[in-house]
Amino acid sequence: MERIIGNLDKAKLKLDEAFFYLDEIEELIQEDELSDAAGAKVSQATERLTNELSALSGKVAELQSILLALDEQQGSGAEQ
């Protein structure tokens, strides 16, 4: 159980890194002049990626909460 929680923490860190890199890419794109069509496509892709990462981040947090609750429940059962 602890190993799973540790892996979820690592996944959460990787998601944070992905958001950071996504922000960097967005800044670089804004600095360079792109055609309107290319800029629109990049913006749409960025928005989709951000939404996917947010959803994944939410799922990781949800799984982490469930595992912590299960771990606490097992700990309570072991004490009785």
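The values are calculated or read from the model by the stated rules, or taken from the named source; none is laboratory data. Keep in mind the model is a prediction, meaning the values are calculated, not measured. FYI the Cβ positions are ideal-geometry reconstructions off the backbone, even for glycines, and counts take in every protein chain you see. All accessible areas refer to the heavy atoms of the entire protein, side chains included, with ligands and DNA or RNA removed. Shrake-Rupley method; radii C 1.70, N 1.55, O 1.52, S 1.80 Å.
Please work out if Gln44 is in contact (Cβ under 8 Å) with a residue 24 or more places away in the chain and surrounded by 10 or more Cβ atoms within 10 Å (Cβ to Cβ).
no
Inside segment 1-15, can you point out the residues that are in contact (Cβ under 8 Å) with a residue 12 or more places away in the chain and among the charged types (D, E, K, R)?
Once the filter is applied, which keeps residues that are in contact (Cβ under 8 Å) with a residue 12 or more places away in the chain and among the charged types (D, E, K, R), segment 1-15 yields Glu2, Asp9, Lys12.
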| request: Report whether or not Glu72 is closer than 24 Å to Met1 by Cα and open to solvent by 70 Å² or more (accessible area, probe 1.4 Å). | output: yes
| task | Filter segment 10-41 down to residues that are open to solvent by 70 Å² or more (accessible area, probe 1.4 Å) and part of a helix (DSSP H, G or I), then give me how many there are. | result | 18
| task | Give me the pairs, please: first residue somewhere in segment 21-36 and more than 15 Å from Leu49 (Cβ to Cβ), second residue anywhere and open to solvent by less than 80 Å² (accessible area, probe 1.4 Å) and assigned to a helix (DSSP H, G or I), beta-carbon distance under 7 Å, and either six or more positions apart or on two chains. | result | Leu34/Val42
